1. What shape does segment 43-236 have by the C-alpha gyration tensor, where a ≥ b ≥ c are the square roots of the eigenvalues, rounded means a/c under 1.5, and otherwise prolate means a/b greater than b/c and oblate the rest?
2. For the pair Asp221 and Asn159, what calculated FRET efficiency results from E = 1/(1 + (r/R0)^6), where r is the Cβ-Cβ distance and R0 = 25 Å, to the nearest 0.05?
3. Could you compute the FRET efficiency for Ser237 and Ala40, with r as their C-beta to C-beta distance and R0 at 30 Å, rounded to 0.05?
4. Peptides 89-97, 134-142: what's the order by average Cβ count within 10 Å, highest mean first?
5. Please give, to one decimal in nm, the separation of the simple spin-label points placed at Asp59 and Asp116, each 7 Å out from Cα toward the Cβ.
6. With θ set to phi - 60°, apply the Karplus curve 6.51 cos²θ - 1.76 cosθ + 1.60 along segment 130-144 and write out the HN-Hα couplings as whole Hz, x wherever there is a Gly or Pro.
7. What is the Cα centroid distance between segment 33-49 and segment 184-238, reported in whole angstrom?
8. If amide hydrogens are placed 1.01 Å from N in the peptide plane, which non-local residues have theirs closer than 5 Å to the one on Thr44?
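Every number in this text was worked out from the coordinates using simple rules, so none of it is lab data. The structure displayed is predicted, hence computed values, not measured ones. Heads up, the Cβs are rebuilt from the backbone with ideal geometry, glycines too, and the neighbour counts pull from every protein chain shown.
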Amino acid sequence: MSLSPLLCSLKQLLFPTTCPICGKVLQEVDDFVCLHCSIAAPFTQLWRTRNNIMEARFDGVVPIERAAALLWFSSGSAWRAVIHDFKYNSHWYYAENLGRWLASVFAEGDFFEGIDMIIPVPLHWSRRFTRGYNQSEHIAAGISHVTSIPYNFKAIRRNRNNPPQAKRKFYQRWDNISTLFSITHPEKLVGRHILLVDDVFTSGATLITLARTIVKACNGDVKISIATFAASQHLRSE
């Protein structure tokens, strides 16, 4: 056995990798989360259905091809803690692993069919500097790794460091983002089918605004789809 596998085995023995959901030690057959937690995850199943409740949020506002989230997001759940960790606690590698998981699940159907480019929702440079990374970029990178669809981290610029949407009331979110984004090179997006990627879908205000900005910059000659890791439980009751 070479030195590297020996060191890896020793590291795993002394510092075993645990499931971020239940805390149990991961086995060799496990991926990012243990098998039990992956089976019991609160899947939305939205990627299996066209004209689903997430897509309905865009009706009459901006045309999209499809939209889906992998899991339902609810306060107090262990999955909420994972999302909080990859957004605020420097666990960026969680986001990339979850992006790969999302892609492997969605790829069981035709969700990625025809998509040319993956674009994550950008952070303002000041927030990215403070945090050190953009979690949506890592989710996008994970999706790209599985699907081989190229990603573009520089196509969209965030113009303002607006307050987090989750802390604002619904009507305030629209006022907060009307001029939030600009397109750096719209000619690179014209005629493409773009997958916009974000971490959590709440009201949809940010993604709707970004999609509208892209459609306007491309004079309508563009297709948009949406993928997020999680979606708010409130979406099912509205």
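1. Here segment 43-236 falls in the rounded category.
2. 0.60
3. 0.85
4. Packing order, densest peptide first, comes out as 134-142, 89-97.
5. That separation, rounded to one decimal, is 2.9 nm.
6. 5, 7, x, 5, 10, 4, 5, 5, 6, 4, 4, 5, x, 5, 4
7. 23 Å
8. Counting only residues 5 or more places away or on other chains, the set is Leu71, Trp72.
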